[in-house]
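*Asks:* One structure is given below, represented as structure tokens, and several questions about it will come after.
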Amino acid sequence: MSAMFGVFRREFASYFATPVAYVFIVIFLLLSGALTFYLGDFYERGQADLQPFFQFQPWLYLFLVPAVAMRLWAEERKSGTIELLLTLPVTMTQAVLGKFLAAWAFIAIALALTFPIWLTANYLGRPDNGAILAGYFGSLLMAGAFLAIGSCLSAATRSQVVAFILTVAVCFLFLLAGFPLVLNFFRSFLPQGLVDGIAALGFLAHYASIAKGVLDLRDLLFFALVIVFWLYAGALLLDLKKAD
């Protein structure tokens, strides 16, 4: 655990060593506010809740989380520092978890800084704060799933740009997996059982219920398994490519 937290501290500190972290946080906060209050009609709805805020989070994460994830391993492989990292008394699992948790903590800070929107809802009415807290938790889980996908794809290439594009594409497919447009395409040549399996992989359906304050164990397990699967796949890729 100490080795993993050593990687965590090193990686987390690196985010704030350059202005990139502050630029990311400012952009995230500005876009969250603009989408909530303007496109989401926060005031016009006349309801004291954060549904307009949560409904746009997946689309924000679709572009901002890959921007964080693309540097996790691609830059390490390009600069050759991955060899230095792996010569330390740290296992591949500890390195992958440490870097992932550091990036996830950074995104959690950006998400936590949206608290003025929550305060605004409480000022204007009496929202269900338990449901809002569950929505924040679900938002963080979805960010973790996107980040795990990005971590794996960053391990597959030396180019941050390629890692970013691949992550956006894969995350977009997971977002649309439950949409009729996608399901009708697969329904034309796949049995219904497989089509139902593809529909079950859709991020939006699992996220939507949590964002409404419903903490279903199936939704929580889904995001947990997605994170574990992609982190494990990323560790396998790094093992295969560490000699490249």
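*Asks:* Kindly rank 138-150, 196-208, 117-129 from highest to lowest mean number of other beta carbons found within 10 Å of each residue.
*Replies:* 138-150, 196-208, 117-129
*Asks:* Right, something else. So who's got an amide H within less than 5 Å of the one on Ala177, skipping anything under 5 residues away but keeping other chains? H placed 1.01 Å off N, in plane.
*Replies:* Amide H neighbours of Ala177: Phe203.
*Asks:* Here's a follow-up. Across the Cα atoms of region 141-184, what radius of gyration and what greatest pairwise Cα-Cα distance (Dmax) are found, in Å?
*Replies:* When restricted to the Cα atoms of region 141-184, Rg and Dmax are 11.7, 36 Å.
*Asks:* Quick check: from the Cα gyration tensor, does the chain come out rounded (a/c under 1.5), prolate or oblate?
*Replies:* oblate
*Asks:* For region 2-241, what is the relative contact order in percent, using Cα pairs closer than 8 Å and at least 6 residues apart in sequence?
*Replies:* After rounding, I find 27 percent.
*Asks:* Sorted by mean Cβ packing within 10 Å, highest first, what order do the peptides 231-240, 15-24 take?
*Replies:* Top to bottom by mean Cβ count within 10 Å: 231-240, 15-24.
*Asks:* If a helix is a whole DSSP H run, which ones in the chain reach 27 Å or further along their own axis (Cα) and hold a mean Kyte-Doolittle hydropathy of at least 1.0?
*Replies:* 92-112, 129-155, 217-241
FYI, it's all coordinate maths here, none of it is from the lab. Since the model is a prediction, treat every value here as computed from it, not as a measurement. A quick note on method: Cβ atoms are made from the backbone with ideal geometry, for glycine too, and the neighbour counts reach across all protein chains shown.
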